Structures are given as C-alpha cells and as structure tokens.
1. Can you tell me which residues in region 85-112 are within 19 Å of ALA130 (Cβ to Cβ) and aromatic (Phe, Trp, Tyr)?
2. When you check VAL17 against the structure, is it of a type in the set (Val, Ile, Thr), within 20 Å of GLY122 (Cβ to Cβ) and in contact with a helix residue (DSSP H, G or I) (Cβ under 7 Å, 6 or more places away or on another chain), yes or no?
3. Out of ILE123, ILE118, which single residue is surrounded by 18 or more Cβ atoms within 10 Å (Cβ to Cβ) and part of a helix (DSSP H, G or I)?
4. Cβ-Cβ distance below 7 Å, separation of 6 or more or different chains: which pairs start in region 47-69 with a residue that is over 28 Å from ASN5 (Cα atoms) and in contact (Cβ under 8 Å) with a residue 24 or more places away in the chain and end on one that is open to solvent by 70 Å² or more (accessible area, probe 1.4 Å) and not basic (Lys, Arg)?
Amino acid sequence: MTELNILMRFLHIVSAVTLIGGVIAWRLAVIPATEPLALDMRAKLGNAVAAAWRPVFFLAVAGLLLSGIYNYLNKTGMPPAWHAVIGVKFLLALHVFAVGFLVTGPDNTKRSRQLTGIMISGILIVALSAVLRWLSTK
C-alpha cells in the first residue's frame with residue numbers, strides 16, 4: 001500500500017508540473033515570441049501549438065484526476081480548515097481543466113487571456129497545496 005501511495009503522489013506532482021509548467025511556458029515564452037509574426041501566421045502557429053499540447057493536457061488532467069481522487073479518499077481525520085482549503089483547490093482545478101479544454105481548441109482569439117487565467121489559478125493551486133500540507137501535519 002505504501003508503494004501505491006508514493007506512486008499516486010508522484011503521479012500527482014508530475015501531472016501538475018507538466019500542466020502548469022506547460023501553460024506558463026506557452027503564455028510567457030511562446031506567445032510573446034510570436035508577436036512579431038503576421039496575424040495569419042500567428043494564428044496558424046497558435047493552432048499548431050494548441051493541437052500539439054492537447055494530448056499532453058488531457059494526459060496531465062487524467063493523471064491529476066486519478067491521483068487526486070485517490071489521495072483525497074485516503075485522507076482521514078483532517079481539520080475543518082483543511083476541508084475548506086481543499087474545496088477552493090477543487091474549484092480552481094475545475095477552472096484550469098475547463099479553460100484548458102477551451103485553450104486547446106482551434107482558432108481561439110482569447111487564448112492569451114485564457115492562458116493567463118490558467119497560469120494564475122495554477123499558481124494559486126500550488127500555494128494552496130502548501131497550505132494543505134501544513135494543515136495535514138498539525
């Protein structure tokens with residue numbers, strides 16, 4: 001059982017790093033790098049990046065859902081504050097999943113703004129994870 005717990009924790013961390021790290025790189029590196037390009041070329045490149053990112057995004061979401069549900073079901077005896085924080089974390093994760101699905105669609109003119117929202121929510125999720133870790137050791 002210990003090995004499965006370690007595996008699920010590892011899967012959760014790797015999936016989160018992949019998802020949020022990929023979004024941060026896309027928003028802070030790829031999008032600014034395409035600014036000098038013509039509008040039609042920028043749209044084609046944006047669609048190509050979105051198409052390449054889509055399977056990675058879905059695998060990361062699947063990893064987060066699988067490991068997150070497993071980890072949640074194995075937590076017992078947590079204080080009320082922990083439950084409040086995990087609820088906020090769940091809501092932010094749903095935002096990341098839903099908007100991430102939209103970002104990977106073709107011809108999305110709001111992609112940059114949506115990536116910024118995912119990036120902010122992702123960073124908040126990481127911060128809340130640190131709070132949850134602290135609350136679970138009290």
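The values are calculated or read from the model by the stated rules, or taken from the named source; none is laboratory data. Everything numeric in this text was worked out from a predicted model, so none of it was measured. Ideal geometry is used to build each Cβ from the backbone, glycine not excepted, and the neighbour counts take in all protein chains shown. We work out accessible area using only protein heavy atoms, side chains counted, and drop any ligands, DNA or RNA first. Shrake-Rupley method; radii C 1.70, N 1.55, O 1.52, S 1.80 Å.
1. Across region 85-112, the qualifying residue is only PHE90.
2. The answer is no for VAL17.
3. Numbers: ILE123 fails: surrounded by 18 or more Cβ atoms within 10 Å (Cβ to Cβ).
Criteria check complete, one pass: ILE118.
4. Once the first residue is over 28 Å from ASN5 (Cα atoms) and in contact (Cβ under 8 Å) with a residue 24 or more places away in the chain and sits in region 47-69, its partners that are open to solvent by 70 Å² or more (accessible area, probe 1.4 Å) and not basic (Lys, Arg) give ASN47/PRO106; ASN47/ASP107; ALA50/PRO106.
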